[in-house]
Every structure is written in structure tokens, then in C-alpha cells.
1. Specify the residue that is farthest from the ligand (Cβ to nearest atom); the eligible residues are those in the range 165-174 that are assigned to a helix (DSSP H, G or I) and surrounded by 19 or more Cβ atoms within 10 Å (Cβ to Cβ).
2. Does residue 84 satisfy the criteria of being out of contact with any helix residue (DSSP H, G or I) (no Cβ under 8 Å at 6 or more places or on another chain), within 15 Å of the ligand (Cβ to nearest atom), assigned to a loop (DSSP other than H, G, I, E, B) and modelled with pLDDT of 95 or more?
3. Every residue in the range 192-211 that is farther than 15 Å from residue 165 by Cα and either within 17 Å of the chain's Cα centre (by Cα) or crowded, with 24+ Cβ neighbours inside 10 Å (or both), please.
4. Can you tell me which residue in the range 59-81 is farthest from residue 144 (Cα to Cα), limited to those that are more than 14 Å from the ligand (Cβ to nearest atom) and not in a loop (DSSP other than H, G, I, E, B)?
5. Condition test on residue 31, is it within 15 Å of the ligand (Cβ to nearest atom), modelled with pLDDT of 95 or more and either within 22 Å of residue 208 (Cα to Cα) or over 19 Å from the mean Cα position of the chain (by Cα) (or both)?
6. Please find, within the range 192-248, the residue that is farthest from the ligand (Cβ to nearest atom) out of those that are within 22 Å of residue 153 (Cα to Cα), in contact with a helix residue (DSSP H, G or I) (Cβ under 6 Å, 6 or more places away or on another chain) and not in a strand (DSSP E or B).
7. What is the one condition in (1) out of contact with any helix residue (DSSP H, G or I) (no Cβ under 7 Å at 6 or more places or on another chain); (2) surrounded by fewer than 16 Cβ atoms within 10 Å (Cβ to Cβ); (3) closer than 25 Å to residue 153 by Cα that residue 95 does not satisfy?
8. Within the range 37-58, take every residue that is within 10 Å of the ligand (Cβ to nearest atom) and under 12 Å from residue 80 (Cβ atoms) and give me the one that is surrounded by the fewest Cβ atoms within 10 Å (Cβ to Cβ).
Ligand SMILES: NC(=O)c1ccc[n+]([C@@H]2O[C@H](COP(=O)([O-])OP(=O)(O)OC[C@H]3O[C@@H](n4cnc5c(N)ncnc54)[C@H](OP(=O)(O)O)[C@@H]3O)[C@@H](O)[C@H]2O)c1
């Protein structure tokens, strides 16, 4: 199965009256997979986009060009930053503010890693455990911390972290990954309460299996088929199955949803 077949090709159209017009959104891990689809969707809703990546610039630059070519006003930039490094997260926000001459309104933290060896806890190396927690937990913490201090107060502020339905499904061979995401779900629920009075909401979107590079990495055909068979809707999730929920949470219509973990998985758990 080719990961490219899951890539969204929606071309954003920017105009007046769009729900995220004049809002600045940072999407981490937006060069590929779910983050890429979210960036395209938020751009189609009118947001000015910061497309973050960590290692591979080409797809991030291409996505920014695709968004900018669809509009007379450039409204996407791509920025390299490792979200596990506090200085780089700070500079990601600095770049967003200076590029668009505006505070950031929306943070979607989609950057993440999964150990594609699928080890049991007993077989998980300390290096792999540390790498998983560095990106998934420390990275989410740093993005949430910077967001809590810098996202615009007074309405429209949004923090959305991608976690996983595996926190509910608790399948063997995902101990470090699920632990790293469960921590984020707890932090985000507390953060939502701590942001009382700011108008900023904080939520997690927790997909089930979604056809992306991360999902296919290291999986046998049998593992992929099992994910299909486990799903009441009889297929893998696609990146575009996740984006409408993120768009809703990011918009004013989503303002009453706060401190929640929303599992979006076709009903497999
Ligand atoms: N796919 C699924 O089945 C699934 C299910 C549930 C939850 N999720 C979660 O959804 C999110 C997106 O997953 P995906 O499937 O889209 O993953 P993906 O296709 O592997 O893409 C990962 C993205 O994260 C970026 N990234 C990795 N490490 C980073 C770091 N330290 N700093 C900044 N960016 C970094 C990558 O950039 P580079 O390419 O430049 O390294 C890439 O853009 C993840 O948090 C994942 O845990 C995925």
C-alpha cells in the first residue's frame, strides 16, 4: 500500500468570510501525513499557516508553495524546528509572529514518532524510550508551554494536540508510545483548566490507525489487514478523516469543547 495515495490534494481557496481568516496557526509535523492534511484544511478555512518540520525540508517547502500559489496573498511559511528543543520551539513562535505580524492564535501539535520495531516493553531499549518521550511528550509539553504563554488571549485561542486512540485500546507492543501520549492527554486536560479566563481552549484529537508513513513503517501486510478488520467501518482511516474535527475545534464553533480527548477512529475502540 502506498502512503502517497493518502496525501490530501485539496487546494485551499482563501477569501473573506472564512472561519479562520486573519488567524495564525502553527502546525507541527506538517510536512507529511496527518499534520500536512491539517495544514491544508486550516489554510482552506483562511488561516495563515506555519508549516513545521524537523528533518526533511522539501515536502514542507512544497506544501507552503502549494498554499501560497492558491492565493494572491502569501499565507504559508515553512519552518524547521525540533519540537523537543525549547530554543527551537521558541524560535518557531518568533518566526510565526514576525512573518505574519500577529500573535499566534492556533497551535496544532501533530509532530510525533513511533518505534517501528513494535517492541514489547521488555524489549524496548532505553534509547528508543527516550526518543519517544523526547518528541511525543517533551515536545508536546514545550509546544503547550509556549502556546500557554504566547497564544492570543480574548477569543479564538486554540491548542490541539494529536494523541492516539491506542491510549484507550492499550494494545501490546506500544507501551512507550502509548505512555508518551497518555501523559500528553493528562497535561492537556489540566492545561485547559489553567487557561481559565484566557478564552484559549486545549484539547487532544486521538486518531485510530491512519494511513500515513508512520502507520505503514515496519508493519507486515498481516498487521495492516488486522487494523482494517478491527474497524467497524472496514477500512483504515485516512488523513482526511481527521481534519474536519481539527478544523471545527480550531474555529469559533468549537469554543465550548475544552479539556477533552476526542477519539476519531471509525469506532474501533
Ligand atoms: N498515523 C497513525 O496511525 C496515527 C494514529 C494516531 C495518532 N497519530 C499521531 O498523529 C501525529 C501525526 O502522525 P503521522 O502519521 O502524520 O506521522 P508521520 O507521517 O510520520 O509524520 C510525522 C511528522 O512529524 C515530524 N516530526 C517528527 N519528529 C519531529 C520533531 N522532533 N520536531 C518536529 N517535527 C517532527 C516529521 O517531520 P520530518 O519528516 O521533517 O522529520 C513529519 O512531518 C503523531 O503525533 C502521531 O503520533 C498517528
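The values are calculated or read from the model by the stated rules, or taken from the named source; none is laboratory data. Note that the structure is a prediction, hence the values are computed from the model and not measured. FYI the Cβ positions are ideal-geometry reconstructions off the backbone, even for glycines, and counts take in every protein chain you see.
1. Among them, the one singled out is 167.
2. The answer is no for residue 84.
3. Matches in the range 192-211: 200, 201, 202.
4. Among them, the one singled out is 69.
5. Yes; evaluated as a whole, the condition is true for this residue.
6. The extreme case among them is 248.
7. (2)
8. Among residues in the range 37-58 that are within 10 Å of the ligand (Cβ to nearest atom) and under 12 Å from residue 80 (Cβ atoms), the one surrounded by the fewest Cβ atoms within 10 Å (Cβ to Cβ) is 55.
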